[in-house]
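Student: I have a structure here, written as structure tokens, and I will follow up with some questions on it.
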There are 2 protein chains.
Amino acid sequence: MSFSEFKPLNENTLIEYIQSVPSLSSKLANNFSDISVKEIGDGNLNLVFIVSSSTASFVIKQALPYVRLVGESWKMTKERAYFESLALKEKGRLSPDHVPEVYHFDRTMSLIGMRYLEPPHIILRKGLVAGVEYPLLAQHMSDFIANTLFFSSLLYRSTTEHKREVADFCGNVELCRLTEQVVFSDPYKVSEHNRWTSPYLDRDVEAIRNDNLLKLEVAELKSKFCERAQALIHADLHTSSVMVTRESTQIIDPEFAFYGPMGFDLGAFFGNLILAFFSQDGHANETNDRKAYKEWILKTIEDTWNLFHTKFIALWDEHRNGAGEAYLPGIYNNPEVQLLVQKKYMTELFNDSLGFGAAKMIRRIVGVAHVEDFESIIDAAKRASCERRALDLAKMLLKERTKFEGISQVVSAIRQF
Amino acid sequence: MSFSEFKPLNENTLIEYIQSVPSLSSKLANNFSDISVKEIGDGNLNLVFIVSSSTASFVIKQALPYVRLVGESWKMTKERAYFESLALKEKGRLSPDHVPEVYHFDRTMSLIGMRYLEPPHIILRKGLVAGVEYPLLAQHMSDFIANTLFFSSLLYRSTTEHKREVADFCGNVELCRLTEQVVFSDPYKVSEHNRWTSPYLDRDVEAIRNDNLLKLEVAELKSKFCERAQALIHADLHTSSVMVTRESTQIIDPEFAFYGPMGFDLGAFFGNLILAFFSQDGHANETNDRKAYKEWILKTIEDTWNLFHTKFIALWDEHRNGAGEAYLPGIYNNPEVQLLVQKKYMTELFNDSLGFGAAKMIRRIVGVAHVEDFESIIDAAKRASCERRALDLAKMLLKERTKFEGISQVVSAIRQF
């Protein structure tokens, strides 16, 4: 079998493929006698195989030329694998403890070979549904976000590097367009792809389509998403793009990566934690009322922002005399102006994060792709009740995002809904 | 002589060059007996030749690998000629009445052959210094700006086209960096390139370097300039980039063009008109007190914004069901939300324009490149007095730009200084 042109692999043809690629076959010490291949198939977009033998194991991820969640009718460039491999390598360089290593990339086959995140790593979202606490999650996520955003921004980079990178990632436009559609457009209009817990949320969905102020604010966020090249963002940083154990946090699936607004990453993480929070009442039972767990989620939101803020400012201070071109030392190196500038920057980033986070919440309740946090609540009336509270908070957060002065105010608002 | 690699031309070698290029020599009907070539040499950056014969005439513009104004020590890519030719063609397509036709482009020689803007066309700035009124200027400038900005924005374009164009123009980074330095950085720090009417403005210059609030606001504008790809802007739209007669308005020199914030173009034009306004007292004499002319400048500022606003909104309304992806018809096509969205968009654009315009004014008084409006006032004390009023207005405008609700408020503020 030849792999000189694209073909989707299966569990059998993948073994042939691995045998033809030295960097992968050598990982298995060229011993294929006890190789096992399993397609785990839980992605919205791609084929994902776990390959293991007595010697080693790795993951093979192959992009398909359509959106797997929807079917072959929704075309989607398989070139996204190229941008995913680029982003994995770049983000791995900036945050090596939290990004799996890439072993192999094949542009023709749209295929990435990478570290297998061994058990007990699970998708964070599944842990949140199960009610598992991750004591290092806020620490690790704030590390990853602060490092990957800071070092790819003009706070660290020259505009020469910046524009070169921006131009490269402009090529990932199809994935950007998917986000534009499913996050910023479809939830606010009639779309065949939208779905929601009907009939319970029918009126809520209609109310969104008639909420002019909400649509006005969403337009501003969409404009930032399309036009503002602030940093190399992951651009899909929800709780299913994170794999965890109690000791380890690994960020995966950056195929949507491009130069966009920083707040989109922070917002994706916060928004999905808030969805997890509101889903907890649906998972409560006699043995576990989930009250303590809800507190842990709120603390994780608060800690993540506060740690991110501290780390981001520390990186800024550390590199204030470097090549970063946004705030030249000759102009901004006095303590008073530095403080003013940082406060303004972080306030805008905070408000952006709330806005994007809210938009991500809304789309997960009324748009095409839902979340297991809610979907696993079997009783539809109960699910709808949880979803409605999340939706109402999100609408308020999106409209009032510039009025919040700190993360503790956001946590108070979450409690009130 | 061979032209297979770059060499700067002179009045003699240019004739040889023209003879070797069919699209240029055919313009002259291949008759070189009465050809005349004149290097006009008044650009900050390039060689500019006027070629004429009894048959025809055209202009040859050649980029040099350095900033002509400063000298060979300040390197500057000659690739800018490529972006200038791209922008001339694109803006010419969008606003054919106000952009000279391109006849020829040679990337190796960094050379553009284009329409000669025949007398009585003169550089607008020279007309403003001479006190000449141009009754169609506001009409024409608002046409050019509305058309070139609207049709290159996401109000008209798909994000696919947008990102492809943004990526192309990222290559013009060296010219962007020149603007970043001379507009957003040097005026706010000690720089060998800065100059000003000394000793009169010594304290004013020092005050700018110590004005933390001003520097805070300039940082926000710089960030928009570097990160926000809103439309294909001219990016150097001052009054020396416009050639005029009473009947004709032609925009030239778009070598700085890239995808940036729309307000930078509007601001450049307004800022330079305001400089012209404040310079008038320095040009007044017994025969002409310039009072009526100052009123004409203010009226031109007001008319340009108002006409631009009307035309831009008309284009938006006309194309609201088109391919533009910023405001999809399925979400924004009800009169109430459309009104809200347009008001918010135009208010932000207005405030951006004031900010960028103010920054362009400041840099022309305390930075490397000054304007003939002031430079032609021989009496240094008188010149400094005019400059100081412009500077004080610009500082206020930059800091207070979001508080202005309309162009007539700006005109009132100009009168008060």
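Every number here is computed from the coordinates shown, using simple stated rules; none is lab data. All figures in this text were calculated on a predicted structure; none of them were measured in a lab. In this analysis, Cβ positions are derived from the backbone assuming ideal geometry, glycine residues included, and neighbour counts consider all displayed protein chains.
Student: What is the residue count in region A:26-45 for residues that are surrounded by 16 or more Cβ atoms within 10 Å (Cβ to Cβ) and without any contact (Cβ under 8 Å) to a residue 24 or more places away in the chain? Even if it seems obvious, please write down each step before you answer.
Tutor: Our first condition is that a residue be surrounded by 16 or more Cβ atoms within 10 Å (Cβ to Cβ); within region A:26-45, this holds for A:27-28, A:35, A:37, A:43, A:45.
Remaining after also requiring without any contact (Cβ under 8 Å) to a residue 24 or more places away in the chain: A:35.
Total meeting the criteria: 1.
Student: Right, here's the next one. I need a count of the residues in region B:277-302 that are more than 24 Å from residue B:392 (Cα to Cα) and either surrounded by 17 or more Cβ atoms within 10 Å (Cβ to Cβ) or within 17 Å of the chain's Cα centre (by Cα) (or both).
Tutor: Residues meeting the conditions: 0.
Student: Turning to a different aspect of this structure: Which residue pairs have Cβ atoms closer than 8 Å, lie 6 or more positions apart in sequence or on different chains, and pair a first residue in region B:168-183 that is at the interface with chain A (Cβ under 7 Å from one of its Cβ atoms) with a second residue that is outside any helix (DSSP H, G or I) and among the aliphatic types (A, V, I, L, M)?
Tutor: Final answer for the pair search is B:176/B:235.
Student: Here's another thing I want to ask about it. Keeping to region A:319-334, report how many residues are touching a helix residue (DSSP H, G or I) at 6+ places or on another chain (Cβ under 7 Å), without any contact (Cβ under 8 Å) to a residue 40 or more places away in the chain and at the interface with chain B (Cβ under 10 Å from one of its Cβ atoms).
Tutor: Pass one, region A:319-334, residues touching a helix residue (DSSP H, G or I) at 6+ places or on another chain (Cβ under 7 Å): A:320-321, A:325-328, A:331-332.
Imposing the further condition that a residue be without any contact (Cβ under 8 Å) to a residue 40 or more places away in the chain reduces the set to A:320-321, A:328, A:331-332.
Remaining after also requiring at the interface with chain B (Cβ under 10 Å from one of its Cβ atoms): A:328, A:331-332.
Residues that pass the stated criteria total 3.
Student: So the check is Cβ under 6 Å with 6+ separation or different chains; which pairs have a first residue in region B:195-222 that's on the phi > 0 side of the Ramachandran plot and a second one that's not in a loop (DSSP other than H, G, I, E, B)?
Tutor: none
Student: Output the residues belonging to region B:96-122 that are free of Cβ contacts under 8 Å to residues at least 60 places away in the same chain and out of contact with any helix residue (DSSP H, G or I) (no Cβ under 8 Å at 6 or more places or on another chain).
Tutor: Hits for region B:96-122 are B:96, B:115, B:119.
Student: So which of B:331, B:274 ends up being surrounded by 17 or more Cβ atoms within 10 Å (Cβ to Cβ), more than 30 Å from residue A:160 (Cα to Cα) and within 22 Å of the chain's Cα centre (by Cα)?
Tutor: B:274
Student: Follow-up. Can you pull out every residue in region B:44-70 that is closer than 20 Å to residue B:372 by Cα and not β-branched (Val, Ile, Thr)?
Tutor: B:44, B:45, B:46, B:47, B:68, B:69
Student: Looking only at region B:24-42, count every residue that is of a type outside the set (Val, Ile, Thr), touching a strand residue (DSSP E or B) at 6+ places or on another chain (Cβ under 8 Å) and in a loop (DSSP other than H, G, I, E, B) and tell me the total.
Tutor: 2
Student: Condition check: more than 30 Å from residue A:139 (Cα to Cα) and of a type in the set (S, T, N, Q). Does residue A:26 satisfy that?
Tutor: Yes; evaluated as a whole, the condition is true for this residue.
Student: Look through region B:192-222, keep the residues that are β-branched (Val, Ile, Thr) and within 13 Å of chain A (Cβ to nearest Cβ), and return whichever of them is surrounded by the fewest Cβ atoms within 10 Å (Cβ to Cβ). Give the steps one after another, and end with the answer.
Tutor: Quick first cut of region B:192-222, residues β-branched (Val, Ile, Thr) only: B:197, B:205, B:208, B:218.
In the following step, the residues that additionally are within 13 Å of chain A (Cβ to nearest Cβ) were identified as B:208, B:218.
On the way: B:208: 22, B:218: 24.
It comes out as B:208.
Student: Of the residues that make up region B:357-367, is at least one surrounded by fewer than 20 Cβ atoms within 10 Å (Cβ to Cβ) and not hydrophobic (A, V, I, L, M, F, W, C)?
Tutor: Looking for residues that are surrounded by fewer than 20 Cβ atoms within 10 Å (Cβ to Cβ) and not hydrophobic (A, V, I, L, M, F, W, C), one finds none in region B:357-367, hence no.
Student: Here's another thing I want to ask about it. Residue A:189: buried (at least 19 other Cβ atoms within 10 Å of the Cβ) and facing another protein chain (nearest Cβ under 9 Å), yes or no?
Tutor: No.
Student: For region A:228-245, which positions are under 16 Å from residue A:159 (Cα atoms) and surrounded by fewer than 24 Cβ atoms within 10 Å (Cβ to Cβ)? Quick ask: steps written out before the conclusion?
Tutor: Going residue by residue through region A:228-245, those that are under 16 Å from residue A:159 (Cα atoms) are A:228-232.
The one that is under 16 Å from residue A:159 (Cα atoms) and surrounded by fewer than 24 Cβ atoms within 10 Å (Cβ to Cβ): A:228.
Student: Let me ask you something else. Which of (1) without any contact (Cβ under 8 Å) to a residue 24 or more places away in the chain; (2) part of a strand (DSSP E or B) does residue B:243 not meet, given it meets every other one?
Tutor: (1)
Student: Next up: Report yes if residue A:162 is more than 14 Å from every other protein chain (Cβ to nearest Cβ) and either surrounded by 23 or more Cβ atoms within 10 Å (Cβ to Cβ) or closer than 28 Å to residue A:71 by Cα (or both), otherwise no. First the steps, then the outcome.
Tutor: Numbers: more than 14 Å from every other protein chain (Cβ to nearest Cβ): no; either surrounded by 23 or more Cβ atoms within 10 Å (Cβ to Cβ) or closer than 28 Å to residue A:71 by Cα (or both): yes.
No, not satisfied.
Student: Let me ask something else about it. Does region B:362-417 hold any residues that are aliphatic (A, V, I, L, M) and more than 29 Å from residue B:348 (Cα to Cα), and which are they?
Tutor: B:368, B:377, B:378, B:380, B:381, B:384
Student: To continue, here is another question. Among the residues that make up region A:195-206, is at least one of them in a loop (DSSP other than H, G, I, E, B) and touching a Cys at 6+ places or on another chain (Cβ under 8 Å)?
Tutor: Of the residues in region A:195-206, the ones in a loop (DSSP other than H, G, I, E, B) are A:195-201.
Applying the additional criterion that residues be touching a Cys at 6+ places or on another chain (Cβ under 8 Å) yields none.
The answer is no; no qualifying residue exists.
Student: Which numbered condition trips up residue B:144, out of (1) crowded, with 22+ Cβ neighbours inside 10 Å; (2) facing chain A (nearest Cβ under 7 Å)?
Tutor: Condition not satisfied by residue B:144: (2).
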